[in-house]
Amino acid sequence: MELNSKIPEGPLAEKWSKHKFNVKLVNPSNKRKYDVIVVGSGLAGAAAAASLAELGYNVKCFCFQDSPRRAHSIAAQGGINAAKNYQNDGDSVFRLFYDTIKGGDYRAREANVHRLAEVSVSIIDQCVAQGVPFAREYGGLLANRSFGGAQVSRTFYARGQTGQQLLLGAYSALSRQIETGKVKMYTRTEMLDVVTIDGKARGIVTRNLVTGKIESHAGHAVLLCTGGYGNVFYLSTNAMGSNVTAAWRAHKKGAYFANPCYTQIHPTCIPVSGDHQSKLTLMSESLRNDGRVWVPKNEADAKAIQAGKKTANDIKEEDRDYFLERKYPSFGNLVPRDVASRNAKQMCDEGKGVGKTGLAVYLDFADAIKRDGLKTIEAKYGNLFDMYRQITDENPYEMPMMIYPAVHYTMGGLWVDYNLMTSVPGLYALGEANFSDHGANRLGASALMQGLADGYFVAPYTIGDYLAQMPADKVTTDHPEFKKAEAETKAQIDALLKINGTKTVDEFHRELGKIMWDYCGMARSAEGLQFARKRVQEIRAEFWKNVKVVGANEELNITLEKALRVADFLELGELMIVDALNRNESCGGHFREEYQTEEGEARRDDNNFAYVAAWEYNGKDKDETLNKEPLVFENVKLTQRSYK
Amino acid sequence: MKLTLKIWRQKNANDKGKMVEYKLNHVSEDMSFLEMLDVLNEELLHKGEEPVAFDHDCREGICGMCSLYINGHPHGPLQTTTCQLHMRSFKDGETIYIEPWRAKAFPVVRDLVVDRGAFDRIIQAGGYVSVNTGVTVDANEIPIPREVADLAMDAAQCIGCGACVASCKNASAMLFVSAKVSQLALLPQGKAERKKRVEKMVAQMDSEGFGSCTNTGACEAECPKGISLTNIARMNREYFVAKLTSNNL
Ligand SMILES: Cc1cc2nc3c(=O)[nH]c(=O)nc-3n(C[C@H](O)[C@H](O)[C@H](O)COP(=O)(O)OP(=O)(O)OC[C@H]3O[C@@H](n4cnc5c(N)ncnc54)[C@H](O)[C@@H]3O)c2cc1C
Ligand code: SF4
Ligand code: FES
């Protein structure tokens with residue numbers, strides 16, 4: 001199929017305003033004739049559901065948690081970017097646009113990113129009006145902090161709980177619409193399929209997680225705001241329930257999946273402590289402002305530390321390798337996420353890692369404490385140090401912290417056009433679920449911005465254009481397409497319950513995660529990816545023969561919930577590998593060992609790979625078709641990133 | 001470590017439920033409490049038994065999804081969420097009692113999972129500023145003194161977990177409700193609706209079957225986010241002023 005990104009004509013800075021003027025509008029009194037389904041209640045979903053209801057549409061909103069307030073967005077710590085230029089430090093919409101395009105290693109669409117930078121300004125106004133308690137200066141005006149990948153201070157924050165406060169703001173707007181009856185909220189409800197009629201998305205099939213009831217919901221448009229797929233790696237910083245099911249089922253119904261191999265590995269997470277580990281905890285990136293990253297110079301010292309015979313403090317200054325400072329003298333410990341992560345892995349691969357597992361590097365605050373005093377460091381990072389201590393039982397004021405990279409965010413996702421519509425008419429994807437504006441690497445504090453931009457300010461406009469051109473007649477859930485989708489969903493559940501094998505869902509998930517991490521994680525090679533692809537196929541085949549799911553469908557069944565999600569991860573995992581194999585270059589979070597410079601840095605290939613890879617599903621176990629959307633850069637010059 | 005677990009098992013809302021004993025022999029001190037339950041569940045699955053259902057999601061102490069009444073304390077012995085509690089807080093050989101939140105307004109769904117929908121309905125009754133998307137002024141046109149913003153943020157940190165209700169002998173939801181009322185009453189954006197808000201939220205709280213507050217302070221002591229009792233005092237003031245001067249909704 002021809003991919004049409006529907007980027008409006010005209011100069012970059014005018015595209016969005018012009019487009020807003022040109023789109024068709026639904027007459028206010030007609031809006032109540034349209035039903036919109038919003039799956040997800042995170043920043044993207046809650047913002048979209050509330051805004052659409054305010055406009056007058058009838059909205060049904062779904063989440064799998066017990067309350068919309070608990071969506072994974074709640075966990076974001078650091079902050080949200082906006083080109084307000086409140087600090088008068090030279091920020092502008094164009095600068096935010098430029099930083100995001102460059103940070104994404106030139107693999108995002110210019111027009112989308114510029115729009116994101118434009119609406120970022122309104123997001124802050126909106127959140128403040130809702131009562132979001134952002135940090136403030138003594139004079140009462142909003143405070144900002146700086147974040148990686150930018151030379152201006154444009155990040156707004158609410159202590160270390162920015163995501164929580166933004167989500168609670170969106171949740172309050174959503175709650176207000178639930179009260180008015182314009183939104184009907186379905187909690188503990190998981191979407192398991194998209195229903196298309198005459199090629200258009202007309203509804204979804206859901207499972208009630210308490211009763212197991214399979215139900216259909218019909219509407220005029222469906223918005224997927226279901227978050228990212230980082231949990232394909234089993235261990236990640238994502239919430240336990242985060243999954244790809246909604247996006248993946250949509251993919252199987254015709255929505256293209258774009259750039260699945262673009263995943264972000266965050267450098268500062270608490271290392272894995274044992275096999276029991278269920279998830280990884282992020283330590284804010286801000287720690288790299290004062291912490292120095294190092295490992296022992298000699299493998300022997302590293303071995304001694306791993307064996308518990310030596311501690312960090314036994315290693316003399318001249319025996320320490322501050323490898324980021326050594327390799328990147330001008331950026332030092334503040335190199336971007338992908339560079340910092342890759343280097344930590346390299347040190348551990350060389351046998352110089354620390355901690356029991358040898359899979360950790362030190363983040364040392366001793367010099368900062370000497371320089372600024374304990375009080376200052378405590379004031380800056382006290383809560384993070386406490387959190388670290390609670391989890392690891394070690395005191396970071398006395399011993400260097402140990403950190404290791406972990407999967408954090410997925411830039412890939414459902415392909416969408418400028419209107420955020422997928423390749424299935426009437427089916428939209430917002431927030432982390434779409435292939436996003438972040439290209440091959442996301443800058444810190446930009447995901448919250450994108451989720452809220454999509455939900456508050458983009459989809460509510462663009463969806464009107466679609467609905468205005470569509471008759472308001474309703475389809476009912478008696479339509480054969482709904483019955484068919486329900487029957488397929490039930491059949492899949494029955495199949496899982498019947499297998500009664502010997503391995504648990506978690507065992508399969510862990511196995512998949514390990515393969516993905518080892519071969520499709522921080523560094524990838526054609527050979528490794530080919531091996532991994534075969535392994536994933538084998539694990540998937542075994543899953544369908546040997547997984548153990550106990551209990552019945554008609555009850556709250558935590559094993560069945562997980563099994564349905566892992567079944568989809570097992571399919572997605574293969575597509576990620578295929579995408580990584582196809583992309584014969586290194587860019588952002590995608591590092592192919594064959595494509596690096598002599599100094600070991602990522603080597604992009606703009607002549608052959610400046611495109612979005614949008615994969616088209618062809619049926620069970622069949623190879624997917626690659627559709628390419630060329631990326632055209634008219635406003636920025638492509639350069640090789642250098643942080644030396 | 002070796003542990004004996006006594007866990008509340010209840011098939012569904014209509015089942016009577018009972019405590020069931022389990023033994024776990026290989027628990028590491030570095031595990032979180034929920035990872036310890038993961039280990040138990042894997043063992044149960046291998047035996048073909050149904051795992052213990054419990055709520056959780058972020059496992060970072062922020063989503064408010066995890067619960068559990070552990071040895072007589074909501075979220076266990078420390079002032080954190082259950083997901084942030086580690087096994088080093090327990091002794092080898094210890095017997096640990098694990099129950100769901102107990103409150104009329106939080107009916108048990110299954111095992112350790114309860115229905116906290118009442119909290120959502122209280123927020124829906126008025127826990128917001130009525131502002132439509134896009135109809136706002138520039139953010140810096142509403143300066144807010146830092147001390148006020150800090151107080152509002154202190155209150156806004158509530159994660160809606162329900163430990164305050166579980167800790168209270170009357171199963172009162174005052175701490176939770178007062179946190180939201182305080183946050184919005186403190187901020188200029190929330191002032192226009194403050195009277196209506198507190199009246200409607202309190203009315204909803206009462207209709208959900210939460211008990212009344214007798215100021216024992218158990219909620220504050222158990223709240224994992226340190227939400228302070230002063231919020232309850234502030235809400236009481238808000239409520240009396242509203243009742244005295246509004247149209248008594
Ligand atoms: C630890 C951590 C810290 C972060 N910090 C920052 C930060 O400081 N700044 C920043 O900009 N970004 C940060 N991020 C990234 C950012 O938080 C996320 O990308 C963003 O919040 C995603 O929002 P969302 O609305 O797209 O999806 P989510 O918040 O993930 O919401 C997904 C929603 O979809 C629902 N859902 C999913 N599947 C289904 C289904 N099948 N059926 C029904 N419902 C479903 C869920 O219930 C949920 O309501 C952080 C991420 C992590 C993990
Ligand atoms: S007030 Fe504290 S205990 Fe109560 S719901 Fe909020 S965070 Fe939980
Ligand atoms: S699981 Fe989110 S607070 Fe415990």
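The values are calculated or read from the model by the stated rules, or taken from the named source; none is laboratory data. Keep in mind that this is a model prediction, so the values were computed, not measured. Because the Cβ atoms are built from the backbone with ideal geometry, glycine has one as well, and the counts that use them run over all protein chains shown. The accessibility values were calculated without ligands, DNA or RNA, using every heavy atom of the protein model including side chains. Shrake-Rupley method; radii C 1.70, N 1.55, O 1.52, S 1.80 Å.
Here are a few things to note about the model shown:
- All conditions but one from (1) without any contact (Cβ under 8 Å) to a residue 40 or more places away in the chain; (2) within 13 Å of the chain's Cα centre (by Cα) apply to B:Pro77; the one that does not is (2).
- Single match in B:Arg88, B:Arg9, B:Arg102, B:Arg59 (criterion: open to solvent by 20 Å² or more (accessible area, probe 1.4 Å), within 8 Å of chain A (Cβ to nearest Cβ) and of a type outside the set (A, V, I, L, M, F, W, C)): B:Arg88
- Matching strands (runs of 3 or more DSSP E) fully within the stretch A:162-256 where at least 1 residues are in contact with a helix residue (DSSP H, G or I) (Cβ under 6 Å, 6 or more places away or on another chain) and of a type in the set (Asp, Glu): A:189-197
Per-residue answers, yes or no, for (1) within 9 Å of chain B (Cβ to nearest Cβ); (2) outside any helix (DSSP H, G or I); (3) out of contact with any Phe, Trp or Tyr (no Cβ under 6 Å at 6 or more places or on another chain); (4) at negative phi:
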| residue | (1), (2), (3), (4) |
| --- | --- |
| A:Phe94 | no, no, yes, yes |
| A:Asn112 | no, no, yes, yes |
| A:Leu116 | no, no, yes, yes |
| A:Val119 | no, no, no, yes |
| A:Asp125 | yes, no, yes, yes |
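- Cβ pairs under 6 Å, 6+ apart, first in the stretch A:583-609 and in contact (Cβ under 8 Å) with a residue 12 or more places away in the chain, second part of a loop (DSSP other than H, G, I, E, B) and aliphatic (A, V, I, L, M): A:Cys587/A:Ala440; A:Gly588/A:Ala440; A:Gly589/A:Ala440; A:His590/A:Ala440; A:Phe591/A:Ala523; A:Glu593/A:Ala523; A:Asp606/A:Leu638
- From the list B:Ile159, B:Ile144, the lone residue that is within 30 Å of A:Cys127 (Cα to Cα), outside the structural domain of B:Asp15 (by TED's automatic domain parsing) and within 16 Å of ligand 1 (Cβ to nearest atom) is B:Ile159.
- Looking across the stretch A:27-68, just one residue is under 26 Å from the mean Cα position of the chain (by Cα), polar (S, T, N, Q) and more than 10 Å from ligand 1 (Cβ to nearest atom), and that is A:Ser51.
- Residue satisfying condition, being in a loop (DSSP other than H, G, I, E, B), in contact (Cβ under 8 Å) with a residue 12 or more places away in the chain and crowded, with 17+ Cβ neighbours inside 10 Å, within set A:Asp437, A:Asp465, A:Asp454, A:Asp506: A:Asp437
- Any chance B:Cys223 is away from ligand 3 (no atom under 16 Å from the Cβ), open to solvent by 10 Å² or more (accessible area, probe 1.4 Å) and of a type outside the set (Lys, Arg): no
- Conditions (1) touching a helix residue (DSSP H, G or I) at 6+ places or on another chain (Cβ under 8 Å); (2) near ligand 2 (Cβ under 10 Å from one of its atoms): number failed by B:Cys161: (1)
- Matching residues in the stretch A:174-197 - criterion: being open to solvent by 10 Å² or more (accessible area, probe 1.4 Å), of a type in the set (A, V, I, L, M, F, W, C) and within 11 Å of chain B (Cβ to nearest Cβ): A:Ile178, A:Met185
- Residue among B:Ile144, B:Ile123 that alone is touching a helix residue (DSSP H, G or I) at 6+ places or on another chain (Cβ under 6 Å), facing chain A (nearest Cβ under 10 Å) and not hydroxyl-bearing (Ser, Thr, Tyr): B:Ile123
- Single residue of the stretch A:74-92 satisfying the filter (within 18 Å of the chain's Cα centre (by Cα) and closer than 18 Å to A:Leu116 by Cα) that is farthest from ligand 2 (Cβ to nearest atom): A:Asn81
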